[in-house]
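Enquirer: Just dropping this structure here.
The values are calculated or read from the model by the stated rules, or taken from the named source; none is laboratory data. Small disclaimer: the values here were computed from a predicted structure and weren't measured. Glycine also receives a Cβ, built like all others from the backbone with ideal geometry; neighbour counts cover every protein chain displayed. Accessible surface is based on the protein model in full, side chains and every heavy atom, while ligands, DNA and RNA are left aside. Shrake-Rupley method; radii C 1.70, N 1.55, O 1.52, S 1.80 Å.
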Amino acid sequence: MAEELKGLHKYELKPLPYSMDALEPYISKEIVDVHYNGHHKGYVTGANNLIDRLNGIINNSISSYDIHGILRSLTFNINGAKLHEAYWSNMAPSGKGGGTPGGKLADLIDKQYGSFDRFKKLFTEAANSNPGTGWALLNYDTENSNLQILTIENHFMNHVAEMPALLILDEFEHAYYLQYKNKRADYINNWWNIVNWDDAEKRLEKNM
C-alpha cells in the first residue's frame, strides 16, 4: 500500500468585500485593480508555490533545498497575503466608513489615548514615519488590553507575538502611487474617510 502523502494546505485569494470602484474618490478603481489582481494575488501565488516546495520536501520528492531561503520567502508572501486580506476588510465603501469608532474600541481609545483625535494624530504620525515600504497597524495586546500602534517595514514584521491586528494601513507605493504620486501623506489622510470601524470592532471583540 502506497504511503499517504502529507502536506500543508494552500491559501486562497478571497474576493474583495466590495466593488473595485467602491473606495473612490479616496482610492481609485485603477489602484484597487492593480493592487488586488496584481500584488495581492501575487503574494497568494508566491506562498502556494513555496508550499508546493515544502510539501515536496515533506514527501521526500525534493532532496536538495535551502530551507532558510524557502521559509524567508514564505514569510514574506504569507504576510503579504494576510495583511492585504485584512487591509481590504478594514475599509468600507465611500459614504459607509470613516468617522469615529464606537463600542469597546472607542472606549479603549478614549481610556488609553485620551481622545480619538489624539489617537488619530499618533497613528497618522506613525504611518508617516515609516521610512519606506511597509504598514501601520493597530494591534491589541490580550495580556494587558493595550491598543498598540506598530509599524512594519516591508513584510518582515516588527511584530510582537500574540498581538492580533485590528486596523491595518498599507503603505507600499502600489497602494497609492497611481493616484497620489509621491504624496503619501495625502493618501494616509484620505484613508481615514474609508476606515471600516465595524470591522475593527469585530476583530477586537473576537480577541477580548
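Enquirer: Would you please name the residue that is surrounded by the most Cβ atoms within 10 Å (Cβ to Cβ), looking only at residues in segment 164-182 that are under 14 Å from the mean Cα position of the chain (by Cα) and among the charged types (D, E, K, R)? Please lay out each step first, then the result.
Expert: The initial filter retains those residues of segment 164-182 that are under 14 Å from the mean Cα position of the chain (by Cα), namely 164-172, 174-175.
Retained after the next criterion (residues that are among the charged types (D, E, K, R)): 170-171.
On the way: ASP170: 26, GLU171: 21.
The qualifying residue surrounded by the most Cβ atoms within 10 Å (Cβ to Cβ) is ASP170.
Enquirer: Of all residues in segment 1-57, which are at pLDDT 95 or above, farther than 24 Å from GLY95 by Cα and of a type in the set (Asp, Glu)?
Expert: Within segment 1-57, GLU12, ASP52 meet the criteria.
Enquirer: Looking at segment 23-45, which of the residues that are touching a residue at least 60 places away in the same chain (Cβ under 8 Å) and in contact with a Leu (Cβ under 8 Å, 6 or more places away or on another chain) is least open to solvent (accessible area, probe 1.4 Å)?
Expert: ILE31
Enquirer: Which of the residues that make up segment 53-96 are without any contact (Cβ under 8 Å) to a residue 24 or more places away in the chain, farther than 25 Å from THR133 by Cβ and assigned to a helix (DSSP H, G or I)?
Expert: Passing the criteria: ARG53, GLY56, ILE57, ILE67.
Enquirer: Now for a separate question. Only one of (1) more than 25 Å from ASN207 (Cβ to Cβ); (2) open to solvent by 30 Å² or more (accessible area, probe 1.4 Å); (3) in a helix (DSSP H, G or I) fails for ASN48. Which number is that?
Expert: (2)
Enquirer: Suppose we keep only residues that are farther than 19 Å from LYS96 by Cβ and of a type in the set (D, E, K, R) within segment 183-208. Which one would you say is most open to solvent (accessible area, probe 1.4 Å)?
Expert: It comes out as LYS206.
Enquirer: Then there's this: May I ask you to verify whether GLN112 is in contact (Cβ under 8 Å) with a residue 24 or more places away in the chain and of a type in the set (S, T, N, Q)? So that I can check it myself, show each step before the final result.
Expert: Values: in contact (Cβ under 8 Å) with a residue 24 or more places away in the chain: yes; of a type in the set (S, T, N, Q): yes.
Yes: the conditions hold for GLN112.
Enquirer: Additional query: Condition first: in contact with a helix residue (DSSP H, G or I) (Cβ under 7 Å, 6 or more places away or on another chain), open to solvent by 60 Å² or more (accessible area, probe 1.4 Å) and part of a helix (DSSP H, G or I). Can you find one or more residues in segment 1-19 that meet it?
Expert: Checked against the condition, which is being in contact with a helix residue (DSSP H, G or I) (Cβ under 7 Å, 6 or more places away or on another chain), open to solvent by 60 Å² or more (accessible area, probe 1.4 Å) and part of a helix (DSSP H, G or I), segment 1-19 yields no hits at all.
Enquirer: Sticking with this structure for a sec: Check PHE123, PHE172 and return the single one that is under 21 Å from VAL32 (Cβ atoms), aromatic (Phe, Trp, Tyr) and in contact (Cβ under 8 Å) with a residue 24 or more places away in the chain.
Expert: When all the criteria are applied, what remains is PHE172.
Enquirer: Return the residues of segment 77-109 that are of a type in the set (Val, Ile, Thr) and open to solvent by 40 Å² or more (accessible area, probe 1.4 Å); say none if nothing qualifies. Don't jump to the end; show me each part of the working.
Expert: If we filter segment 77-109 for residues that are of a type in the set (Val, Ile, Thr), which is where we start, we get 78, 100, 109.
Of everything in segment 77-109, just one residue is of a type in the set (Val, Ile, Thr) and open to solvent by 40 Å² or more (accessible area, probe 1.4 Å), namely THR100.
Enquirer: Condition test on SER73, is it under 28 Å from ARG203 (Cβ atoms) and in contact with an Asp or Glu (Cβ under 8 Å, 6 or more places away or on another chain)? Walk me through it before giving the result.
Expert: Values: under 28 Å from ARG203 (Cβ atoms): yes; in contact with an Asp or Glu (Cβ under 8 Å, 6 or more places away or on another chain): no.
No.
Enquirer: What pairs can you find where one residue is in segment 133-150 and in contact (Cβ under 8 Å) with a residue 24 or more places away in the chain and farther than 15 Å from TRP191 by Cβ, the other is aromatic (Phe, Trp, Tyr) and in a strand (DSSP E or B), and their Cβ atoms are less than 8 Å apart, with a gap of 6+ or different chains?
Expert: As it stands, the answer is ASN146/TYR140; LEU147/TYR140, since those pairs meet every condition given.
Enquirer: Could you grab the pairs with beta carbons closer than 9 Å, sequence gap of 6+ or different chains, first residue in segment 181-197 and within 20 Å of ALA92 (Cβ to Cβ) and in contact (Cβ under 8 Å) with a residue 12 or more places away in the chain, second one open to solvent by 50 Å² or more (accessible area, probe 1.4 Å) and of a type in the set (S, T, N, Q)?
Expert: Correct list of pairs: TYR187/GLN179; ILE188/ASN128; TRP197/THR100.
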